[in-house]
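Remarks on the structure that follows.
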Amino acid sequence: MMKECPHCHKEIPVDSIFCYHCGKAVEELPETNEESKKPKLKKNPRVNSWSKLGMMLFLIGLIGFDFIIGTVVNALGGNVKIPYIISAIIYIIAIICGVLSLYTDKQDLKKGYEPNGNKNYAYVSIFLSIFIILVNLSQIILK
């Protein structure tokens with residue numbers, strides 16, 4: 001099925017956005033329509049660092065307590081449960097920080113501000129912390 005270009009009046013396909021004869025736009029791009037319908041969000045004056053803090057705590061718990069201190073305590077024949085319990089507490093705090101980051105962004109969005117927390121860091125700190133807590137729990141139970 002064909003239609004006529006409004007600029008050069010040559011036949012072009014119905015689903016054409018640009019005329020392939022003259023190169024001019026035949027109709028408005030759909031992305032422009034969708035962007036104009038979205039409300040403009042204001043720049044957020046508040047800093048949301050909860051996700052970064054949660055990610056940092058997760059890495060401290062994983063590298064510092066699980067790998068380094070846990071390995072040293074295990075090599076010396078000590079009680080491995082203590083570093084795992086300390087790291088579990090750190091992971092719980094990391095989960096709380098991730099949830100606070102997502103909650104802060106949601107509240108800012110409701111107020112018309114752009115979210116400025118890192119959603120990916122928040123998800124990583126939440127879900128990986130839960131996973132490592134379960135792994136540590138299985139290690140504590142098996143020892």
request  = Evaluate segment 65-73: report whether one residue or more is part of a helix (DSSP H, G or I) and within 20 Å of the chain's Cα centre (by Cα).
outcome  = no
ask   = Regarding residue 103, is this residue assigned to a helix (DSSP H, G or I), within 24 Å of the chain's Cα centre (by Cα), over 11 Å from residue 125 (Cβ atoms) and among the aromatic types (Phe, Trp, Tyr)?
value = yes
query = Name the pairs: first residue in segment 56-82 and surrounded by 18 or more Cβ atoms within 10 Å (Cβ to Cβ), second residue of a type in the set (Ser, Thr, Tyr) and at pLDDT 90 or above, Cβ to Cβ under 7 Å, at least 6 apart or on different chains?
reply = 58/91; 58/125; 58/129; 61/87; 61/91; 65/87; 66/87
note = Output for Cβ contacts, cut-off 9 Å, separation at least six or different chains, first residue of a type in the set (Ser, Thr, Tyr) in segment 106-119, second assigned to a loop (DSSP other than H, G, I, E, B), reads 113/41; 113/43; 113/44; 113/45; 113/46
Checking residue 45 against (1) touching a Gly at 6+ places or on another chain (Cβ under 9 Å); (2) open to solvent by 80 Å² or more (accessible area, probe 1.4 Å); (3) over 28 Å from residue 142 (Cβ atoms), the condition it does not meet = (1)
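The values are calculated or read from the model by the stated rules, or taken from the named source; none is laboratory data. Remember, predicted model here, so these are calculated numbers, not experimental data. Glycine also receives a Cβ, built like all others from the backbone with ideal geometry; neighbour counts cover every protein chain displayed. The accessibility values were calculated without ligands, DNA or RNA, using every heavy atom of the protein model including side chains. Shrake-Rupley method; radii C 1.70, N 1.55, O 1.52, S 1.80 Å.
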